[in-house]
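Data block below; observations after.
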Amino acid sequence: MKWISEWLPTSVDRRVRLIAWVYLAAQILLVGTGGLVRLTGSGLGCPTWPKCTDGSLVNTPEMGIHGVIEFGNRLLGAVLGLVAVLAFLAVVRLRRERPDLFRLALFAGLGIPAQAVIGGISVLTLLDPTVVGLHFVISAVLVALCTAFVYRVYTGNGRRAAVVPRWYAILTHVTSAVVAITIVVGILTTGSGPHAGDENAPRNGLDSEFLQHVHSWPAYLTVALTIALVIGAWGLGRSLRTWTLALLGVEAVQVAVGLVQANTGLPAGLVGIHMVLACVLAAAMTAVVLHLKEPVALPVDAAPPVPHQAAAR
């Protein structure tokens, strides 16, 4: 085990940055495969949990394509768990110098088994839409945590100071709250729609067509607020301009996909894209919030004082 200890990074190097990006990408990819499970009616492809069947840990040929898709999603969840462990190990020796990275890796890592348990409960409750919705909410939170992890591996852990006016910070946080509302209403809309994951799965009983309209209200408000952020960021630095434009771009694609799917009978492919884009939206919004502050660089001449006795020599 000595070689493992010797491998563990003692500084934020290329390995840590690569792991951070893989972690974020895997979180979003898992949302995509989870959407595939629902949109292909494979939610009960593995009818039990934690095993795929009562007598088999993995899917069997008799279960067909639905078993392959559902077990594939579970397998990717296990791979994500390994990436979480790797991310934690990558920063464990940095816990004193970089407690921020340690905490982010720890909290994001704890979310993986929590997701596994909630996923199991969703199977045992025959894909109850409330449980499935909670599953997606936690996925969005984990994407935000991994986005912060990526951001932090490129910045120091020193004192941070605001680089935007107070009004701009308030506007950004209001926008992030509206983004959260948009995602939650989208989850309720999906829970009332036709893509339940199984033909016998329950729905939440809400009016799907009405919810589609309700979902659009915070979505359009998000776009309006983001346009204000883009305009306000024009004199506040290149990084903030870049990320607000990226946020607006994600929203534009998301709105376009939402309009097309709403007017074409909710085709499964577009619904899946819409789900993945919701997590990309959460990541982009998180990035904008993180860029409201930047590390404060120490002055060049801010060296530690020389002890009096040493100076006398």
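The values are calculated or read from the model by the stated rules, or taken from the named source; none is laboratory data. Since this is a predicted model, take the numbers as computed values, not measurements. With ideal geometry, Cβ positions are generated from the backbone for all residues, glycine too; neighbour counts draw on all protein chains shown. The protein model used for the area step is the full one, side chains on, heavy atoms only, and it has no ligands, DNA or RNA in it. Shrake-Rupley method; radii C 1.70, N 1.55, O 1.52, S 1.80 Å.
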- Pick out, from M275, V31, I231, the residue whose Cα sits farthest towards the positive end of the charge dipole of the chain, with +1 on the Cβ of Lys and Arg and -1 on the Cβ of Asp and Glu. I231
- Between rounded, prolate and oblate, where does region 70-181 land on the alpha carbon gyration tensor, with a ≥ b ≥ c its root eigenvalues, rounded for a/c under 1.5, else prolate if a/b exceeds b/c? oblate
- Is region 33-115 rounded, prolate or oblate when judged by the Cα gyration tensor, a ≥ b ≥ c being the square roots of its eigenvalues, rounded requiring a/c under 1.5 and prolate requiring a/b larger than b/c? prolate
- Task: List every residue whose amide H lies under 5 Å from the amide H of K293, counting only residues 5 or more places away in sequence or on a different chain, with H placed 1.01 Å from N in the peptide plane.
- Result: V163
- Item | Among G249, G45, G64: highest mean-square fluctuation, GNM of the chain, C-alpha pairs under 10 Å | G64
- Message: If you average the C-alpha positions of region 113-135 and of region 223-299 separately, how far apart do those two centres end up, in angstrom?
- Response: 28
- Query: Where does the chain land at 222 nm, in deg cm²/dmol rounded to the nearest 500, when only DSSP H runs of n ≥ 4 count, each adding -39500 (n - 2.57), divided by all residues?
  - Reply: -24500 deg cm²/dmol
- Message: Sort H274, H135, H213 by heavy-atom solvent-accessible area, probe 1.4 angstrom, most to least.
- Response: H213, H135, H274
- Query: On average, how much accessible surface per residue is there in the chain, in Å², for a 1.4 Å probe, leaving out ligands, DNA and RNA?
  - Reply: 53
- Share of carbon and sulfur in the accessible heavy-atom surface of the chain [1.4 Å probe, %]: 70
- Item | Electrostatic dipole magnitude of region 81-199 [Cβ: Lys, Arg +1; Asp, Glu -1; Cα centre; debye, to 20] | 960
- Query: Dipole magnitude of the chain about its Cα centre, charges +1 at Lys/Arg Cβ and -1 at Asp/Glu Cβ only, in debye to the nearest 20?
  - Reply: 1540
- Query: What does the charge dipole of region 168-274 about its Cα centre add up to, to the nearest 20 debye, if the Cβ of each Lys and Arg holds +1 and the Cβ of each Asp and Glu holds -1?
  - Reply: 480
- Rg/Rg_ref, region 123-195, where Rg_ref = 2.2 N^0.38 Å and atoms are Cα: 1.52
- Task: Please report Rg over Rh for the chain, where both radii come from the alpha carbon positions and Rh follows the Kirkwood definition.
- Result: 1.05
